[in-house]
Structures are given as structure tokens and as C-alpha cells.
1. Write out, first by first residue and then by second, each pair whose Cβ atoms fall under 7 Å of each other, whose residues are 6+ apart or on separate chains, and whose first residue, in region 183-198, is over 12 Å from Thr210 (Cα atoms) while the second is of a type in the set (Ser, Thr, Tyr).
2. Between Ser171, Ser163, which is at pLDDT 80 or above, in contact with a Leu (Cβ under 9 Å, 6 or more places away or on another chain) and within 30 Å of Leu17 (Cβ to Cβ)?
3. From (1) in contact with a helix residue (DSSP H, G or I) (Cβ under 8 Å, 6 or more places away or on another chain); (2) over 30 Å from Tyr28 (Cβ atoms), pick out the condition that doesn't hold for Pro141.
4. Being part of a helix (DSSP H, G or I) and polar (S, T, N, Q) is the filter here, so list the residues in region 197-237 that pass it.
5. Looking only at region 140-187, count every residue that is part of a helix (DSSP H, G or I) and touching a strand residue (DSSP E or B) at 6+ places or on another chain (Cβ under 9 Å) and tell me the total.
6. Would you tally the residues in region 74-105 being surrounded by fewer than 12 Cβ atoms within 10 Å (Cβ to Cβ) and either assigned to a strand (DSSP E or B) or charged (D, E, K, R) (or both)?
7. Being assigned to a helix (DSSP H, G or I), within 30 Å of Ala237 (Cα to Cα) and within 16 Å of the ligand (Cβ to nearest atom), is that true of even one residue in region 320-329?
8. What number goes with the only condition from (1) in a loop (DSSP other than H, G, I, E, B); (2) in contact with a Phe, Trp or Tyr (Cβ under 8 Å, 6 or more places away or on another chain) that Thr337 does not pass?
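The values are calculated or read from the model by the stated rules, or taken from the named source; none is laboratory data. If you're wondering where the values come from, they're calculated on a predicted model, not measured in any experiment. Positions of Cβ are generated from backbone atoms using ideal geometry, with glycine treated the same way; all protein chains shown enter the neighbour counts.
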Amino acid sequence: MKIRYRISLWFIGGGLLSTLLLSLFVVYEKATLPYELIDDELLSQVNSIADFLRENRSDAEVASVLKSLSRPYWIQLFDHKNEVIFSSDLVALVDIPLKQAPSFYNVNTQAPLGQFFTGADSEEKAQFRVHFAQFDDGGSPVMLYIARPLEDLTRETSELIQSIFIGLAISSLCLLAMSYAIAGRILRPIKTINRLVREISENTLDKRITPAKSRDELHELTVSLNTMFDRLEFSFARQKEFVANASHELKTPLSILRLAMEEAIGDNSIAEPLRKKLSDQYIILLRLNRLVENLLNLSVLEFKGSVKTDRFSLNDLAMEVVEEFRPIAEAHHMTLTVSFNDRCMMSGSRDLIRQIFINLSDNAIKYNKPGGTIRYRITADKGYATVKISDTGIGIPADSIVRVFEQFYRVEKSRAARHGGSGLGLTIVKKIVELHNGTISAESVPGQWTAITFTLPILS
Ligand code: ADP
């Protein structure tokens, strides 16, 4: 799950939990407080009635005053013989079970409250809060049951719960929108850092991420990443330097050795069997020489950030290389065909582009069949030249085609080695194409043909 969604959920969870706790507290308070108020009200009524009864009034006076006092209440008064002294009007309409304990209790009963209270709905069911009290009326003990409908209270409580649920739903939606927006805001710099890190590749290790102005955790992360890129760049440079130095150091002794061997092979005073041995070793030496040269070329290319900008005709350059290779191809009974549909002028390193044609022509002959054909095609479209060099040779298996541009990759090691191949030719080609902002790809049908196609930007 995306961090943005997770942060939103945490926000909503936390927000809802605290709102829920607050609501529970409010509901609890709202639910208990009115009972306390009603109980106080009932107690005060009981006290008034008790005070009044102690004043030794006549029965008619008692009945009339109790009647006026009892207007919203259900009241039943019993004397010490358990005979009813007084019943309020509600007693005839509402049946309330009489209990002496607990002294306060709730009763759910049928009650046409609409007849008594304006504002009460005509619903028949109602809840009453009942209080039982016993006191002395000035001579003998009396028992009083007094009750009051809780109509308003239950309605208010259910309305409150309803409002709380609506409030919770609305606040959840607000929280969702807010937390999603806040999470997006928090994560925006991380997205930027991520995009910049992706842009940094092996070839652009000198790029750095600009740290945010505020000195927060993201600033620290950016600084750490930049330090890591410093270290990576340093070790990559060291590695490339090592290869460059090693191949450079090897080049001179190899040249000396080659010259010495050439001299020895040309010396007629040396016995024939020894000369034959020297010739075989000379071929190995040439292969080694080529490998070192390729390594040096590659390391030079690795260090290159940009290339020389000669202005030249790609067609003329290609033709030059084709003519150089024609005698070699003919020696292998191979045919070279050229189809240059468009003239392409380009700007770049003529020497390096020449190297592309040499390496690809060399492969097209090396891995061709006797009597095969090598085709060169150049077309231009939308500011790019497309060069396709194809041969009717042994082809490349499908699982190797994606790897032929890797360093030292050879499909058939023994066959490639026989031709003096080291697996660096196509790597160099790819590197040169990329240095000129072009693209390269390989296609093949094993046993039938191979085509290497590359594009290069051209001058309009
Ligand atoms: P190498 O110096 O070995 O030729 P390359 O980098 O030029 O190295 O090529 C890598 C491998 O790709 C070669 O060893 C060979 O197996 C395969 N390959 C390259 N070009 C062709 C081709 N035209 N036809 C068949 N296989 C090829």
C-alpha cells in the first residue's frame, strides 16, 4: 500500500478514535446528567408535598393543593394503612408498577402523553422516572410514589446520538480529504528526490540532488544520498582509471614484443619448425594486442563526456569502410551491397563513427558463411539517420541477442576466440552510438541472418 494512503489512514484512524472518545464522554454526560436533574426535581417535589402535609390542612385543601402541584407528575399517596389518599390525573391513564426499592427506577409503559404535555408526540409508549418516598405527615407515616415522563430526555438522547453519527461521518470525510492532501504535501519532496535519483545513472554520476532549504530530515536524506553518489563516482572513476592505466602499461611491452617477433619470423636463419611455432604465437600475440587496444579504447570512451564535433557525410564515411572491407569479403567469396537512400550529414567524431562501421563490418564477415552477403543501408527520417548492417551468417540465438552489447559477452566463446574476438567490439559500438545520442539494436534469425541497426542524429 502506498505511504500516502497509509498516512491518510493513520490520520483518519487517530482522528476518528479521538472524536469517538469525545462523543462517548458527551453521550455519557448527557445520559446521566438529566437523570440527576430529574431526580433532584422529584426530590424537591417530595419535600414540598411533605412540608405541605405536615401543616395539618383539611382533606379538601390537601386534595386541591396536591392536584395543582401534581400537574405534570404521576403521583400516588398512601396512608399508613396502605390506602390511597391521593392520585393525580395521570394515574388513571398510566399504569406504573409500585416498588419500594430502589427508591429511583425507570418504567417503560403505555401512556397517551399527547393529552397531557404539549410538544409530546402521541406515541403510546413512554418511559417514566419513578421515586418512592416515605415520610411522616405530622402524625402518621405516608408513602409517596411520584413519577415523571422522560419523553424529552430519551428523544434528546437519541437525537444527540444521531447528530454524533452524522458529525462523525462528516468529520471522517473532512479528515480523509485533509489527510490525503497533507500526506501528498509531506511526500512531495520525497517524490522529487526519487525522480532525481532515477535520473542519475552510471553515465551521469556527476549529477547531484539540490538539498531542500529547510534543514529537516529530507535535507539530511538528500545530503546522505549526495555523499553516497560522491563515493560511487569516486570508485567508478578509480575502476575506469585502473583499466585505462593497465591497458596503457600493457600496450608498449606488447608492441615491443610484436616487433621482435615480426623480426624473428622474417629471419631466414631461424630453423623452419621454430619459425612455424613463432608464427602461431604471433597470432596469439596479435589477439592480445587487439584485446588491449579494445580495452584502452573502451576506457577512453568511458571517460568521454562529449565527443569531437567534425562535420562529415555519413554516406561517404560508410562507403570508405565498405571499400576497405571489400577485398577481405571477396577473399571469403562474400558480396557487399550498398543501398544509401538518403544523404546524411552529421556532426560528431568521424574517427569514432568510423570505428562503428569497422567493428560491425568485421563481425558481419567473421560470423558470415562463405559465399554470404553483407548489406549496408542508410535512410534518414525526422532528424535521424538509420544505418542497418545485415549479413546472411550464422545468426545469434534469441537468448543471447539482448546480451551481445555487454562487455566480454560472446555467444560461442570458442568460435569467437578463433576469430580473435574478445566480446568488446559491440560494447564499443554501443558506447560510441550513445555518446552521439543515438540508439542501437540487434535482430537475428539463428542460422539465417543478423542485422545491427543504429540511429544517429543528423544535420538538417
Ligand atoms: P567479438 O569481438 O567477440 O566479435 P563483439 O562484441 O563484436 O565481440 O560481439 C559479441 C558477440 O556477438 C560475438 O562473440 C558473436 O558471438 C556475436 N555476434 C556479433 N556480431 C554478430 C553477427 N553479425 N553474427 C553473428 N553473431 C554475432
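1. As it stands, the answer is Ala183/Ser8, since those pairs meet every condition given.
2. Details: Ser163 fails: in contact with a Leu (Cβ under 9 Å, 6 or more places away or on another chain).
Answer to the selection: Ser171.
3. (1)
4. Taking region 197-237 first, the residues part of a helix (DSSP H, G or I) are 197-199, 202-204, 217-237.
Of everything in region 197-237, those that are part of a helix (DSSP H, G or I) and polar (S, T, N, Q) turn out to be Asn203, Thr204, Thr222, Ser224, Asn226, Thr227, Ser235.
5. Residues of region 140-187 that are part of a helix (DSSP H, G or I), as a first pass: 151-187.
Narrowing the set further to residues that are touching a strand residue (DSSP E or B) at 6+ places or on another chain (Cβ under 9 Å) leaves 151, 153-154.
Going through region 140-187 one residue at a time, the tally reaches 3.
6. Selection size over region 74-105: 4.
7. From region 320-329, those assigned to a helix (DSSP H, G or I) are 320-329; that's our starting set.
With within 30 Å of Ala237 (Cα to Cα) added as a condition, the list becomes none.
Checking region 320-329: not a single residue is assigned to a helix (DSSP H, G or I), within 30 Å of Ala237 (Cα to Cα) and within 16 Å of the ligand (Cβ to nearest atom).
8. Result: Thr337 fails condition (1) only.
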